[in-house]
Amino acid sequence: MAKDYNIRKTSGQCSLCEMQLAPGMEFTATVSEGPDELIRNDYCDKCGESLPEETNAAVLCKWRTVVPHPQEKKKLLVSDDLLVNLFERLSETEDPSKINFRYVLALVLMRKKMLIYDRMSTDDDGKEIWSMHLKGSDPPDEHLVIDPKLTEDQIAEVSDNLGEIMEGDF
Ligand SMILES: [Zn+2]
């Protein structure tokens, strides 16, 4: 099966000064928009506070987290707000891998009952577009989500990679 996404995973070291991030250490994680991929970067405390301007400009979301100990079970360390934020920031994307990511993010947010499905329409190219709104938005804010018609396996694969990019891979 062809891969429909592209992500560069975290390396366990600061992306700027290359300091090793040891278990228990707090650091700043970011997900940025590359040309055709989402890029996860980790920064030590010092570098995270003073990211170069051009780096900051491409950042879609940024959060503080802690390097897990090797025996700890991995968990999604990002808040729901960050997931919503990433979903909103990717709204203009035309890149297929990012469209897939955004669709899976929409499924995650639906499962969390934070995003509500309103209706489906078909655009001029025959693509199915879901019209959705965030729970609690008043008046409802309309979010359009392209349905990339992924198979179950593809959804599982994108979900895995979404998990990896958000929680890191130490
Ligand atoms: Zn650093």
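The values are calculated or read from the model by the stated rules, or taken from the named source; none is laboratory data. The model shown is predicted, which means the values in this text are computed figures rather than measured ones. All Cβ positions, even for glycine, are placed from backbone atoms using ideal geometry, and neighbour counts span all protein chains on display. SASA here: full protein model, heavy atoms, side chains in, ligands and nucleic acids out. Shrake-Rupley method; radii C 1.70, N 1.55, O 1.52, S 1.80 Å.
Calculate what fraction, in whole %, of the accessible area of the chain sits on carbon and sulfur atoms when a 1.4 Å probe is rolled over the protein chains. It would help to have the intermediate numbers written out before the result.
On the way: 4650 of 9700 Å².
Looking at the chain in its full context, I get 48 percent from C and S.
For MET25, MET132, MET114, give me the order by solvent-accessible area with a 1.4 Å probe, most accessible first, ignoring ligands, DNA and RNA. Working shown, then result.
Values: MET25 65, MET132 0, MET114 40 Å².
Listed by decreasing accessible area, they come as MET25, MET114, MET132.
Tell me the trypsin sites (Lys or Arg not before Pro) within the stretch 41-139 that lie in a loop according to DSSP and have at most 10 other beta-carbon atoms within 10 Å. Kindly include the intermediate steps, with their values, before the conclusion.
Details: sites: LYS46, LYS62, ARG64, LYS73, LYS74, LYS75, ARG89, LYS98, ARG102, ARG111, LYS112, LYS113, ARG119, LYS127, LYS135; in loops: LYS73, LYS74, LYS75, LYS112, LYS113, LYS127, LYS135.
Those that pass, being in a loop and sparsely packed, are LYS73, LYS75, LYS113.
Tell me the per residue accessible area of the stretch 123-162 using a 1.4 Å probe; a whole number in Å² is fine. The partial results should precede the final answer.
Details: 2440 Å² over 40 residues.
For the stretch 123-162, the solvent-accessible area averages 61 Å² per residue.
Counting only GluC sites (Glu not before Pro) that are in a DSSP loop and have at most 15 other C-beta atoms within 10 Å, tell me the longest site-free stretch of the chain. Present the calculation step by step, with values, prior to reporting the outcome.
On the way: sites that count: GLU18, GLU72, GLU92, GLU94, GLU142.
It runs 19-71.
What is the Rg over Rh value, at two decimals, for the stretch 7-167, using alpha-carbon atoms and the Kirkwood definition of Rh? The partial results should precede the final answer.
Working: Rg = 16.9 Å, Rh = 16.9 Å.
For the stretch 7-167, the value is 1.00.
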